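> I have a structure I would like to understand better, so I am pasting it below and will then ask my questions one at a time.
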Amino acid sequence: MTAIDLNADLGEGFGRWHLTDDDQLLSVVTSANVACGFHAGDAATMRRVCERAAERGVTIGAQVSYRDLAGFGRRAMDVPPAELAAEVAYQIGALEVFARAAGARVAYVKPHGALYNRVVHDEEQAGAVIEGVRLADASLPVLGLPGSRLLELATEAGLPAVTEAFADRAYTDEGTLVPRGHEGAVVTDPDAVVERSVSLARSGAVIAHSGARIQVRARSLCLHGDTPGAVGLARRVRERLAAAGVRVEAFA
């Protein structure tokens, strides 16, 4: 039976501001990418999400980012490699405190936003992220885009490289994500998201923005928690995957 992980970005709040419905999404997903305070999240939020995830058996991952609260981590930044490596390790370490207090652990690392897209091709920034992961825990899997420089460097460093796909994001013919500023970059039709999820899980294929059918083979499927109706859509995706004979389980 085909197996796939369902992950979502959680803990994306700060102080009194809350973006994601963490409690409800934790009843659906198998892995939680928890914001570590640089693009969103704060100590209380990180603690709460880790506790809820541990209670429900959801795997906890550190979603590391550029230091960009104002831009939600989606603005391009040039950070010196040594500084970026230290900040990645810092974010993982902060989340690990709360994960362990909840009786769990940080089980993988995923970059967020501009950093995620940057490390697809940027050797220096990708290397800095891998160095940061190794500083924190040299056994942690790294979640990223298939064919990215990040995953290539993770493999070279002896870290497990886990491929990820997006049901609600448009792809280029090269298998990269269409930048958010472009029209159609986010797939908003719920039926389309559900069908793309099944196709990605069953055949590793998706229709690119151009209309071409491309291969995107992935072990984990991301469902963005900050889209309208995210919880209901996540439930539909999981139910449809089960009906299609796909086993939904965490990769770590």
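The values are calculated or read from the model by the stated rules, or taken from the named source; none is laboratory data. Bear in mind the structure is a predicted one, so any value in this text is a computation, not a measurement. Here Cβ is always computed from backbone atoms with ideal geometry, including for glycine, and neighbour counts include all displayed protein chains. Each accessible area value is taken on the protein alone, full model and side chains, heavy atoms only, with ligands, DNA and RNA left out. Shrake-Rupley method; radii C 1.70, N 1.55, O 1.52, S 1.80 Å.
> For region 52-65, give me each residue that is surrounded by 24 or more Cβ atoms within 10 Å (Cβ to Cβ) and outside any strand (DSSP E or B).
Answer for region 52-65, where residues must be surrounded by 24 or more Cβ atoms within 10 Å (Cβ to Cβ) and outside any strand (DSSP E or B): A53, V58, S65.
> Give the residues of region 79-113 that are within 18 Å of T30 (Cβ to Cβ) and of a type in the set (D, E, K, R), sorted by residue number.
Passing the criteria: R105, K110.
> Out of the residues in region 75-118 that are assigned to a helix (DSSP H, G or I) and of a type in the set (S, T, Y), which is most open to solvent (accessible area, probe 1.4 Å)?
So in region 75-118, the residues assigned to a helix (DSSP H, G or I) come out as 81-101, 113-118.
Within this subset, residues satisfying the condition of being of a type in the set (S, T, Y) are 90, 116.
Working: Y90: 150, Y116: 14 Å².
Here the answer is Y90.
> Report every pair of residues separated by at least 6 positions or lying on different chains whose Cβ atoms are under 7 Å apart, first residue within region 171-182 and more than 17 Å from V216 (Cβ to Cβ), second open to solvent by 80 Å² or more (accessible area, probe 1.4 Å).
Once the first residue is more than 17 Å from V216 (Cβ to Cβ) and sits in region 171-182, its partners that are open to solvent by 80 Å² or more (accessible area, probe 1.4 Å) give R180/R74.
> Here's something else I'd like to know. Scan region 12-37 for residues that are open to solvent by less than 10 Å² (accessible area, probe 1.4 Å), at pLDDT 95 or above and touching an Asp or Glu at 6+ places or on another chain (Cβ under 7 Å) and jot them down.
Matches in region 12-37: S31, N33, A35.
> Tally time: how many residues in region 11-51 are within 18 Å of the chain's Cα centre (by Cα), not in a loop (DSSP other than H, G, I, E, B) and not acidic (D, E)?
Result for region 11-51: 12.
Listed here are the residues, each with its yes/no results for (1) out of contact with any Pro (no Cβ under 8 Å at 6 or more places or on another chain); (2) within 22 Å of A243 (Cα to Cα).
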| site | (1), (2) |
| --- | --- |
| E164 | no, yes |
| D168 | yes, yes |
| Y171 | yes, no |
| A185 | no, no |
| V198 | yes, yes |
| V206 | yes, yes |
| G211 | yes, no |
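> Related question: I'd like to verify a number: residues in region 202-252 that are part of a helix (DSSP H, G or I) and either open to solvent by 20 Å² or more (accessible area, probe 1.4 Å) or within 13 Å of N7 (Cβ to Cβ) (or both), how many? Show your work before the answer.
Step one: filter region 202-252 for residues part of a helix (DSSP H, G or I), giving 202-203, 230-243.
Next, only the ones that are either open to solvent by 20 Å² or more (accessible area, probe 1.4 Å) or within 13 Å of N7 (Cβ to Cβ) (or both) stay: 202-203, 230-240, 242-243.
Of the residues in that region, 15 qualify.
> Separate question: For the structure I just gave you, tell me whether G158 is open to solvent by 30 Å² or more (accessible area, probe 1.4 Å), outside any helix (DSSP H, G or I) and modelled with pLDDT under 95. Before you say what the answer is, go through the steps one by one.
On the way: open to solvent by 30 Å² or more (accessible area, probe 1.4 Å): yes; outside any helix (DSSP H, G or I): yes; modelled with pLDDT under 95: no.
Taking the combined requirement at face value, the residue does not satisfy it.
> Consider region 167-184. How many of its residues are surrounded by 15 or more Cβ atoms within 10 Å (Cβ to Cβ) and either on the phi < 0 side of the Ramachandran plot or not in a loop (DSSP other than H, G, I, E, B) (or both)?
Going through region 167-184, the residues surrounded by 15 or more Cβ atoms within 10 Å (Cβ to Cβ) turn out to be 167-172, 175-178.
Now restrict to residues that are either on the phi < 0 side of the Ramachandran plot or not in a loop (DSSP other than H, G, I, E, B) (or both): 167-172, 176-178.
Here the count works out to 9.
Here is a yes/no grid of residues against (1) in contact with a helix residue (DSSP H, G or I) (Cβ under 7 Å, 6 or more places away or on another chain); (2) at pLDDT 95 or above:
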residue	(1), (2)
G181	no, no
R196	no, yes
R213	no, yes
L221	yes, yes
R236	yes, yes
E239	no, yes
G245	no, yes
E249	no, yes
